[in-house]
Amino acid sequence: MPHPKERRLLLSHADEPGYTGSYEDYTARGGYKTLEAAIRREPAEIKKEVLDANIRGRGGALFPAGRKWGFLDPNSDKPVYLICNADESEPGTFKDRQLIHKDPHQLIEGMMISAYATGTKLAFIYIRGEMFGGARILEEAIEKARANNLVGENILGSGYSCDLIVHRGAGSYICGEETGLIESLEGKRPYPRLKPPFFPAAKGLYMCPTIVNNVETLCQVKHAVELGGKEYAKIGVPNCTGTRIWSLSGHVNNPGYFEVEGGAYTFGDLIYDMGGGLREGRSLLGFIPGGSSTKVIKYDQRYRGKLQDGTEVDWGVEDIPLDCDGCNYFGSSSGSAAVMVMDDTTDVVMALANLNAFYAHESCGQCTPCREGSLWLKKITHRMIAGEAREEDADLLKSIADQVEGRTICAHGEAVAWPVQGFILRFRDEFIDYARRQARERAAREQETTAAVA
Amino acid sequence: METNATDTFELSEEARAEIDRVVPRYPEIRSAALPVLYIVQGEKGYLSNEAIEWVSARLELEPINIYELVTFYPMLLREPTGKRHVKVCRTLSCALNGAYRVCDRFREAFDCELDEVSPDGAVTVEYVECIASCHTAPVVQIDEELYHNVDEDRTEELIQMIRSETKSGS
């Protein structure tokens, strides 16, 4: 059951008793009516609705979808491709899985509207290889939509045709980076491309204009077009229109996904109310707010000062709004809206070691600073948890991270650096204490051995 | 590599038909590489040198074009796995909720090293990176099925399930 603080737009039917996400269930609730109406309008009008709606990209970069679409050259004679990025793999994020499993036709409708608006004749859903069930659900849903003339040739008699292909990835996180995804879809290793010149809207799939949007973003498009862009933009706050689906996990009593009107509630509400608070006798140590590549926010941080719009605030971490930009004032980002909560029993060195192992494993190896730097970071934190921590490790980690950031083709360099920078900035003392404690333990062991020998 | 591997490589009629259906859907043939590799791997269990050569010839590519994929993507397998492929999510939310213990327990139960087939051939146990179900941590994927909230009791149940299923020979 949805929490009373939720406002469900995308997940409005997802957990409704008896709702299976089938074509019949979806159309019985008005499904595909928006596509039906949209396909009778000019593509430019639909683009305008999406621009007015100001839907910020829900994959984590938060770039407005309407502006992304605006980069397509109207005078290009090359085919346009639309790709749904369903390679959900930023640690902590599990919202797209819900949208795919529980209401696949909503995504297909959002995609076909977007395809029509952008002039796409062939669209793809690039889904994570591990999501076997999700891929099957989408395949079946697309066949059903095709049988009902909603995908394929001459859609609803409009003269517009567009096919839709589900393409499965094969276990590589970097395929979530849009140019890496495009390389992968071309049948190559997913080495991200340099931007410029390879902005997908100009030179994307097969060097043709390409739009890559996240699952949630494309589902939002359906609602923005249904309501009208300006009406949609009245939901939420200017920096975060519509709703956002927050993935909450880690040390909370009630982890889950919560669809919340942009800016309507706070991280305090999310963690302590929707998330059921922390376990008995535990207190908050901190949380990672927007997927594991965003910097950790510590429980005692405060922001006193002005917001972008000039408002004076004095915020603790519980006061950060559930919008797009609130986390920026705490040195982090709301990214993919994936909140990982850590209570006071968390071993912060172990937590960073876990993330370093992830980013080292997922570096594609194309750029030296990322390939080597991520491995060094992983080796250092691994040595620390293996009992050989040194006091200078905290500063060494930060120094390496600082030399990776900004020196790579894609944002994986930042994803390698930011967790380290965040953990060292907020928990430097804990890292040093950790090393001192181990040094004492080593000395004690040595003394025992010496005593035993003597 | 053998020059005539493509002639001797055997693939079922169904798999060939599926490949013939999938390949033309893509504007450029090379895009069909991952789906074709999945079809071959689905039948053979892994991708041998012969399989790589056959796929590259089918897609009018050089073997290196396929080899570089097989050596990059974790889900493309160079060797057979155990009868059940157990993947324990090791990333933060699962780790915070006990994933390391779950993985250790699987390895102990089947007496195997990480990433290696157990001596009885029942399983390959490995870690997988965040599998996008952090609210039901820890999660374990066994073949294509995802299991949620795998606490100690659930781990034992899954171990029993694998034991009984793999004994009967499947």
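The values are calculated or read from the model by the stated rules, or taken from the named source; none is laboratory data. Because the structure is predicted, anything quoted here is derived from the model rather than measured. Note that we place each Cβ from the backbone using ideal geometry, even for glycine, and neighbour counts take in every protein chain shown. Surface accessibility is based on the protein's heavy atoms, side chains included, excluding ligands, DNA and RNA. Shrake-Rupley method; radii C 1.70, N 1.55, O 1.52, S 1.80 Å.
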Practice item. Please give the direction-averaged projected area of the C-alpha convex hull for segment A:252-341, in square nanometres with one decimal. Key: 5.5
**Study point:** Choice from B:Cys103, B:Cys130, B:Cys94 with maximal GNM fluctuation in chain B (Cα, 10 Å cutoff)
**Key:** B:Cys130
Exercise for review: List, in the order given, every pair from A:Lys195/A:Lys379; A:Lys379/B:Lys87; A:Lys102/A:Lys144 whose Cα-Cα distance in the structure shown is over 25 Å.
Suggested key: A:Lys195/A:Lys379
Check your understanding: Kirkwood Rh over Cα pairs of segment B:84-167 into Stokes-Einstein at 10 °C, 1.306 mPa s: D in µm²/s?
Key -> 129
Practice item. Give the angle, between 0 and 90 degrees and rounded to the nearest 10, that separates the Cα long axis of helix A:368-383 from the longest principal axis of the Cα atoms of chain A. Key: 50
Check your understanding: Based on DSSP, what percent of beta bridges with both residues in segment A:240-343 are antiparallel, to the nearest 5?
Key -> 80
**Study point:** Net charge of Cβ neighbours under 9 Å - reference A:Gln438; Lys, Arg +1; Asp, Glu -1
**Key:** +3
Check your understanding: Amide H to amide H, which residues 5 or more places from A:Leu285 or on other chains are under 5 Å from it, using H placed in the peptide plane?
Key -> A:Met342, A:Asp343, A:Asp344
Exercise for review: Tabulate in residue order the Karplus-calculated ³J(HN,Hα) for segment B:30-39, using 6.51 cos²θ - 1.76 cosθ + 1.60 with θ = phi - 60°, rounded to whole Hz; enter x for Gly and Pro.
Suggested key: 4, 4, 7, 4, 4, x, 5, 4, 4, 5
Exercise for review: Could you work out the equivalent-ellipsoid semi-axes for chain A, taking the square root of 5 times each eigenvalue of the Cα gyration tensor, largest first, in whole Å?
Suggested key: 42, 25, 20
Revision key, fill the gap. Order by accessible surface, 1.4 Å probe, largest leading, for residues A:Met340, A:Met350 comes to A:Met350, A:Met340
Check your understanding: When the Kirkwood hydrodynamic radius is evaluated over all pairs of different C-alpha atoms of segment B:5-72, what value in angstrom, to one decimal, is obtained?
Key -> 11.8
Check your understanding: Given a 1.4 Å probe and the protein chains all in place, what does the accessible area of A:His13 round to, in Å² to the nearest 10?
Key -> 40
Review point. In terms of solvent-accessible area of protein heavy atoms at a 1.4 angstrom probe, what is the ranking of A:Arg146, A:Arg29, A:Arg97, highest value first?
Key: A:Arg29, A:Arg146, A:Arg97
**Study point:** Antiparallel %, DSSP beta bridges [both residues in chain A], to 5
**Key:** 50
Point to revise | Residues of type aspartates and glutamates that A:Lys47 reaches as a straight line, Cα spacing below 14 Å, ignoring anything fewer than 8 places off in the same chain | key: A:Asp73, A:Glu226
Practice item. Rounded to the nearest 10 degrees, what's the angle between the helix A:215-227 long axis and the longest principal axis of chain A, both from Cα atoms, 0 to 90? Key: 40
**Study point:** Principal-axis tilt of helix B:49-58 within chain B, Cα atoms, nearest 10 degrees
**Key:** 50
Check your understanding: segment A:348-450: percent of C-alpha pairs farther apart than 23 Å?
Key -> 27
Point to revise | Cut-off under 5 Å, modelled amide H: who pairs with A:Ile165 long-range | key: A:Ala123, A:Phe124, A:Ile125
Revision key, fill the gap. Beyond 25 Å (Cα-Cα) in this structure, taken from A:Lys298/A:Lys398; A:Lys95/A:Lys188; A:Lys5/A:Lys222, we find A:Lys95/A:Lys188
Point to revise | R0 of 35 Å, Cβ-Cβ distance A:Ser399-A:Phe132: FRET efficiency to nearest 0.05 | key: 0.25
Check your understanding: Residues with amide H under 5 Å of A:Lys295's amide H, sequence separation 5 or more or different chain, H placed in the peptide plane at 1.01 Å from N; which?
Key -> A:Ser333
Review point. Taking the DSSP beta bridges in segment A:65-202 as the whole, what percent of them are antiparallel, to the nearest 5?
Key: 5
Review point. For segment A:91-102, in order, what is each residue's ³J(HN,Hα) by Karplus, 6.51 cos²θ - 1.76 cosθ + 1.60 with θ = phi - 60°, in whole Hz (x at glycine and Pro)?
Key: x, x, 9, 8, 6, 5, 4, 5, 5, 6, 6, 9
Check your understanding: Tell me, what ³J(HN,Hα) does each residue in segment A:397-402 have, in order and in whole Hz, if you take phi through Karplus 6.51 cos²θ - 1.76 cosθ + 1.60 with θ = phi - 60° and put x for Gly and Pro?
Key -> 4, 5, 5, 5, 4, 4
Check your understanding: Per-residue accessible area for A:Tyr272 at 1.4 Å probe radius, Å² rounded to 10?
Key -> 100
**Study point:** Hits among aspartates and glutamates - C-alpha to C-alpha of B:Lys83 under 13 Å, sequence gap 8 or more where chains match
**Key:** B:Glu116, B:Asp120, B:Asp143, B:Glu144, B:Glu165
Review point. Which listed residue (B:Cys112, B:Ala132, B:Tyr147) has the Cα farthest towards the positive end of the charge dipole for segment B:107-170, taking +1 on Lys and Arg C-beta and -1 on Asp and Glu C-beta about the Cα centre?
Key: B:Tyr147
Revision key, fill the gap. Mean projected area (nm²) from the convex hull of Cα positions in segment A:14-110 is 7.9
Study note, to complete from the structure: The base-10 log of I(q)/I(0) that the Debye equation returns for chain B at q = 0.15 Å⁻¹, one scatterer per C-alpha, is -0.89
